[in-house]
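First the structure, in the form of structure tokens, and then the observations on it.
Read the figures in this text as sums done on the coordinates, not as results from a lab. Quick caveat, the model's predicted, so the values are computed rather than measured. Cβ atoms come from the backbone with ideal geometry, glycine included; neighbour counts cover every protein chain shown.
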Amino acid sequence: MNKRWRLGFLASHRGSNMQAIIEACRDGRIAADPAVVISNNRDAPALACAAEAGVPALHLGAGAFPDAESLDRAITAALKQHAVDLVILAGYMKRLGPQTLAAFPARVVNIHPGLLPRYGGQGMFGSRVHAAVIAAGEKETGITVHLVDADYDHGLTLAVRRVPVMPGESAESLAERMLPLEHELYVTTIADVVSGRLPVPPRPFRKM
């Protein structure tokens, strides 16, 4: 019997994508187990939602650590302590540090509310992406699920869903319409990764 994957989440606010994935794990759509939720924001609703779902919830923020390197170490240690196999970013508003990325090569996944690379990069997240799409007069936008590396919104694309932009649409209405589509795409992509239907690069061998 194959070992079930253990999922670690990083979220800064409500973590609605995280909630959708946890629900999918509970009802069998994803053959994996939520292992831990980490947030840099002690007041993040994601932490309360995780605790309510019986998932360990940790606040690891900059205020408790003297520098970015020590915070990076703490995040890496927490993920390893909970035996995480796949790290899922769910609205995490901080850049992951090199230690976390090195500890989980090709095992950190993010969802972006736009088509990459045009609508990605530093500072391009959430409503900013939708506003930029509207301002550019685009007829189409999309959702991208990708592996995370050291560059913003970079890394191997795992899944894309294209979404038409309606005439007269606002950034707010576009965001509202796309959110359930994000949940759907993230859930199906994670399900495909853990089942092996969507292969990801193998983790490099390390001598112990």
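Taking chymotrypsin sites (Phe, Trp or Tyr not before Pro) across region 105-208, the ones in a DSSP loop with at most 11 further Cβ atoms lying within 10 angstrom of their Cβ are 205.
Neighbour counts of other Cβ atoms within 10 Å put 49, 25 in the fewest-to-most order 49, 25. Near residue 6, the amide H atoms lying under 5 Å from its own belong to 33, 85, 86; only residues 5 or more places off or on other chains count, and H is placed 1.01 Å from N. Tell me the label only: which of [x] 127; [y] 158; [z] 109 is volume of the Cα convex hull per residue in Å³ as calculated from this structure? Step by step, volume of the Cα convex hull per residue in Å³ for this structure corresponds to label [x].
Remark: 124, 18, 178 ranked as 124, 178, 18, counting other beta-carbon atoms within 10 Å and listing the fewest first.
Dipole size of region 5-195 about its Cα centre, with +1 on Lys/Arg Cβ and -1 on Asp/Glu Cβ: approximately 120 debye, rounded to the nearest 20. Rounded to the nearest Hz, the phi-derived 3J(HN,Hα) couplings of region 161-171 under the Karplus curve 6.51 cos²θ - 1.76 cosθ + 1.60 (θ = phi - 60°) are 10, 8, 10, x, 9, 7, x, x, 6, 9, 4, where x marks glycine and proline.
Annotation: amide H-H contacts under 5 Å for residue 158 (H modelled 1.01 Å from N, sequence separation of 5 or more, or interchain): 145, 146, 147.
Based on C-alpha pairs under 8 angstrom that are at least 6 apart in sequence, the chain has a relative contact order of 20 percent.
In terms of surrounding Cβ atoms within a 10 Å radius of their Cβ, 112, 59 rank from fewest to most as 59, 112. Dividing the summed helix terms, -39500 (n - 2.57) for each DSSP H run of n ≥ 4, by the number of residues in the chain produces a 222 nm estimate of -11000 deg cm²/dmol to the nearest 500. Residues whose amide H falls under 5 Å from that of residue 198, counting only those 5 or more places apart or on a different chain, are 193, with hydrogens built in the peptide plane. Coupling constants for region 184-196 follow from the phi torsions by the Karplus curve (6.51 cos²θ - 1.76 cosθ + 1.60, θ = phi - 60°), and in residue order they are 4, 5, 5, 4, 5, 5, 4, 4, 5, 5, 6, 7, x Hz; glycine and proline get x.
Rounded to the nearest 20, the Cβ-based charge dipole of region 150-199 about its Cα centre (Lys and Arg +1, Asp and Glu -1) stands at 240 debye.
Modelled spin-label separation between residue 177 and residue 65, with each label point placed 7 Å from Cα along the Cα-to-Cβ direction: 4.0 nm. Loop exposure criterion: trypsin sites (Lys or Arg not before Pro), DSSP state outside H, G, I, E and B, at most 10 other Cβ atoms within 10 Å. Applied to the chain, the longest stretch between such sites is 4-138.
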